[in-house]
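Q: Take this structure, written in structure tokens, and hold onto it; I'll ask about it next.
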Amino acid sequence: MTINDFLSVITWWTVLLSIGTIFAPLNTFLFRNFFDKGYIFSKVLGAGILSYTIFLLATLHIVAFTQFSLIGILIFFAGLECFIIYKQRTKKRKSLKEFFFTPTTVLIIVEEFLFFTALLFWAFVRAHQPDIHGLEKYMDFGFLNSILRSSYFPAQDMWYPPYPINYYYFGHLVTAVLTKLSDIPSPVTFNLMLATLFSFTFVGAFSLIGNIWSFFLKKKDIKRRILLPFLISGILAGFLLSSSGNLHTVYSFFLPYQNDYPKPLWDLKFSPTTFPNAYWYPNATRYIYHTIHEFPLYSFVVSDLHGHVIDIPFVLLLLALLFSFVIYTKEDISSTNTLLPFAFAKKLGNHIPMLILWIFIGWILAIMYMTNALDGLIYLLLSILTCWLIYKKYFDQSFLKTIIKTPLITTTLILFISFLLFSLPFSLFFKSFVSEIGLVCPPQFLITIGKIGPFVFEANHCDRSPWWQLLTLYGFFTFWSLSLIVFLTKKKKEVTDSFMFLLIGFAYLLIVIPEFFYLRDIYTTFYRANTMFKLVYQSFMILSLVSVYSLARIFSLLKFSKNIFKSLGSLIFIVIGLLLFILVSIYPYFAIGSYYDNLKHYYGLNGTSYLQTLYPEDASAIEWIQTHITNQPVMLEAQGDSYTDYERISANTGLPTPLGWTVHEWLWRGTYDVVPPRQSDIQLLYQTTDVEQAKLLIQKYHISYVYVGGLEREKYPTLSEEKFATIGRIVYQNNGVTIY
């Protein structure tokens, strides 16, 4: 790694460390029952609070989105935290030895080391293919740059001005916040954010499973040291969630199928001597016909900075908080007041109503909704189910009595209302792409009816996943989930077991839903794709965590006896589990090796350096734009289809252009009707020789600059430049690019 890239990583890490340190006291209160006090989540919590605060203030036009404003907000929260600590100070003082040599402190140091190491590692990997180019990177980079140019929110859609971004972009805002604080250019922070997400995924899973397992050991009154089991289970969870794949890798031991349609293994020839048999890693995410079923490592490898990836740290934060609530003691929860979700929390200086904590969960759900919309609804349901689990545990009621005779309904209302209120500043400017729910394989009489309320019934919509494909994708998780259930059938269930059973049921519900329902959007052939994608992405994450807990729990029960059959059964179980683990663990070998060319060539962290080779004339012009043009004036450039190199100026600068990628704006605006008028106007504006006509179109779209480069001349063969010089003036001209 070059010294400049290493310094960028250090600067970025320092910003995250500072944010985490400022919000550590609040984090410690939330995770006071965690062995490590939930240390690593203070970074996620702090980034979320800081970003939401500036988002709210800038939406209300109280404070502009600037570096100065962000520093001021951080100073305010730092002062507030110091004041609270001062008010809650105790007379008891700890010696340096008591402070620095406790298991918790050691664990915190280990977690910070793991976080920095994982951050540095994935930054190093990204530097071998850093290009913000291909797939949907232009979309994500455009959002980031548009937000960075915004003084107030909502941020402007760089591909459909003057309208705001109609997409869940809060995660891009978090990236912009860190970019402004670090003062590192966005082409570098795009890749640093991807490295940060990889790191958060690894260390977040490490902390969550490590704390769950250490709590189990503590409850079982196991006298041995807890630190080592925490480290082992945590590292295993971190690896499985951030770096594993699914059982599709078994195809690398078979000769490949000859067409685009996957075949079951029994129809292929087993050929281990020709491993890896031209195995292509993206097939693990496109295995089921006309669907998408990605998982974190694939997202990190292809490196689109999408909402479902940026939301991973918030998902882990929410899961950690839910488990933290589950393990509250009876002193934490009082059943004497059923008007509130809980009466009071455990003393920490002053009594804090549990009501506030559930409102806080509502805030996190709003953050998740604004980052990746469906996640907010998915985890709202899981939060309600967790409430039910908590009340059932502490009030010792049956299923129905838990609903009727506890504050479950009140809690649900509080969660839902707080979720709606906190997401309101975003929702006021966001229109969902989805308004209808489709039924997979509807009967003919429903197809004849067509629609009932929000439900639609469409003909030729009867794709269901074959069992062998589902088993290939989720067989690893199914093995460990079923094993946990079987092993604990006749044993006393601990609170950690109950929480895991809840997660298992919830995760498989997410897998089953796309087999019967889909959220209807503009895609007809791939009508199940987005629904399956959003749901099973979360099930993969949840089941990865469950699998590690299951492994640890089962091995704590597994015994070898003198009975040869019992010992043989245990041995067979271990061998099967090991083979399955190897299969999901070799996915990085294929994915990282293929996408990053086996890490042979180091290019650096600047994600726009590819422009110097592919479009050198545009690279110089973009650099000039970033230096000389402030705010967000509209710049006309050639318009093209989605996933192409058109809109390279707006994406790389954040300057809006009258119309961007066709399919994307079609999806975001809910109708194709918005596209053709602007398409024809852009073409006319470039090609017309009528000065007055050009003036009218320039005024119509409030265009301040016109960009004429290679793609413009290629797209519009009869392009007429003379009128632009007549209407305006040349502000930049170099290497075949002219900006009027």
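Q: Which whole-number percent is the relative contact order of the chain (Cα, under 8 Å, 6+ apart)?
A: 17 percent.
Q: Run lengths n ≥ 4 of DSSP H only: what is the helix-derived mean residue ellipticity at 222 nm for the chain, with -39500 (n - 2.57) per run over all residues, to the nearest 500?
A: For the chain, the value works out to -19000 deg cm²/dmol.
Q: Output the antiparallel fraction of DSSP beta bridges having both residues in the chain, as a percent to the nearest 5.
A: Taking every DSSP beta bridge with both residues in the chain, the antiparallel ones total about 75 percent.
Q: Sequence-distant or interchain residues sharing an amide H contact under 5 Å with Tyr732, placed H: which?
A: Ile739
Q: For the chain, which cysteines have no disulfide-compatible partner, meaning no other cysteine Cβ under 4.7 Å?
A: Cysteines of the chain left without a disulfide-compatible partner: Cys82, Cys387.
Q: Using the Karplus curve 6.51 cos²θ - 1.76 cosθ + 1.60 with θ = phi - 60°, work out ³J(HN,Hα) for each residue of the range 653-663 in order, rounded to whole Hz, and write x for Gly and Pro.
A: Values, residue by residue: 10, x, 6, x, 10, x, 8, x, 3, 4, 5 Hz.
Q: Would you mind calculating the gained length between Asn734 and Leu385 on full extension (0.36 nm times residue separation, minus the Cα-Cα distance), in nm to one decimal?
A: Between Asn734 and Leu385, full extension yields an extra 119.5 nm.
Q: Let me check something: with ligands and nucleic acids excluded, how do Leu114, Leu579 order by accessible area (1.4 Å probe), largest to smallest?
A: Reading off the accessible areas and sorting them downward yields Leu579, Leu114.
Q: Further question on the same structure: Would you grab the residues whose amide H sits under 5 Å from the one on Val706? Only those 5+ places off in sequence or on another chain, please, with H modelled 1.01 Å from N.
A: Amide H to amide H, under 5 Å and 5 or more residues apart or across chains, Val706 pairs with Leu636, Tyr740.
Q: For the pairs Lys218/Lys493; Lys431/Lys695; Lys180/Lys431; Lys137/Lys715; Lys137/Lys431; Lys219/Lys490, flag any whose C-alpha to C-alpha distance is greater than 26 Å.
A: The pairs that break the limit, which is 26 Å between Cα atoms, are Lys431/Lys695; Lys180/Lys431.
Q: Based on the alpha-carbon gyration tensor of the range 173-280 and its eigenvalue square roots a ≥ b ≥ c, which shape applies: rounded if a/c is under 1.5, prolate if not and a/b is larger than b/c, or oblate?
A: oblate
Q: With a probe of 1.4 Å, find how much accessible area the range 654-740 has per residue, and write the answer as a whole number in Å².
A: Averaged over the residues of the range 654-740, the accessible area is 46 Å².
Q: At a threshold of 8 angstrom on Cα-Cα distance, excluding pairs fewer than six apart, so keeping six or more, what relative contact order does the range 192-293 reach in percent?
A: 23
Q: Also, quick follow-up: Pairs of alpha-carbon atoms within less than 8 angstrom and 6+ residues apart define the contacts here; what relative contact order does the range 379-525 have, in percent?
A: RCO, the range 379-525: 27 percent.
Q: How much accessible area per residue does the range 427-540 have, counting only protein heavy atoms and a probe of 1.4 Å, in square angstrom?
A: The answer is 47 Å² per residue.
Q: Give me the one-decimal nm value for the distance between modelled label points at Asn4 and Thr627, 7 Å along each residue's Cα-to-Cβ direction.
A: Label at Asn4, label at Thr627, 1.4 nm between them.
Q: What FRET efficiency would be calculated for the residue pair Thr613, Leu265, taking the C-beta separation as r and a Förster radius of 45 Å, to the nearest 0.05?
A: Efficiency at R0 = 45 Å is approximately 0.60.
Q: Determine, from the Cβ-Cβ distance of Ile572 and Thr524 and an R0 of 56 Å, the FRET efficiency 1/(1 + (r/R0)^6), rounded to the nearest 0.05.
A: E between Ile572 and Thr524, to the nearest 0.05, is 0.75.
Q: A follow-up question, please. Per residue of the range 267-280, in order, report the coupling 6.51 cos²θ - 1.76 cosθ + 1.60 (Karplus, θ = phi - 60°) as ³J(HN,Hα) in whole Hz, putting x for Gly and Pro.
A: 9, 10, 8, 5, 9, x, 6, 9, 3, x, 6, 6, 4, 10
Q: Which value in nm describes the separation of the simple spin-label points at Ile485 and Trp468, placed 7 Å from the Cα toward the beta carbon?
A: 2.4
Q: Under a plain spin-label model, where a point goes 7 Å from the Cα along Cα-to-Cβ, how far apart in nm are Leu424 and Gln683?
A: 4.6
Q: Within 10 Å, at most 16 other Cβ atoms, and a DSSP state outside H, G, I, E, B define an exposed site. Report the longest part of the chain free of exposed GluC sites (Glu not before Pro).
A: It runs 495-720.
Q: Please report, in cubic angstrom per residue, the volume enclosed by the convex hull of the alpha-carbon atoms of the chain.
A: Hull volume normalised by residue count: 196 Å³.
Q: Based on the mean of other Cβ atoms within 10 Å per residue, sort peptides 542-550, 497-505 so the most packed one is first.
A: 542-550, 497-505
Q: While we're looking at this one, here's another question. So, with a 1.4 angstrom probe, what is the percent of accessible area on the chain that is carbon and sulfur?
A: 65
Q: So with the 1.4 Å probe, I'd like the accessible area per residue for the range 157-207, rounded to whole Å².
A: I get 16 Å² per residue for the range 157-207.
Q: Can I ask one more? Per-residue HN-Hα couplings for the range 198-210, Karplus 6.51 cos²θ - 1.76 cosθ + 1.60 at θ = phi - 60°, whole Hz, x for Gly and Pro?
A: The phi angles translate into 4, 5, 4, 4, 5, 6, x, 5, 4, 5, 4, 6, x Hz.
Q: Amide H neighbours of Phe254 under 5 Å, counting only residues 5+ apart in sequence or on other chains, H built in-plane at 1.01 Å?
A: When sequence neighbours closer than 5 places are left aside, the close amide H contacts are Ser271.
The values are calculated or read from the model by the stated rules, or taken from the named source; none is laboratory data. These numbers come from a predicted model, not from an experiment. Here Cβ is always computed from backbone atoms with ideal geometry, including for glycine, and neighbour counts include all displayed protein chains. Side chains are part of the model used for accessible areas, which takes the heavy atoms of the whole protein and leaves out ligands, DNA and RNA. Shrake-Rupley method; radii C 1.70, N 1.55, O 1.52, S 1.80 Å.
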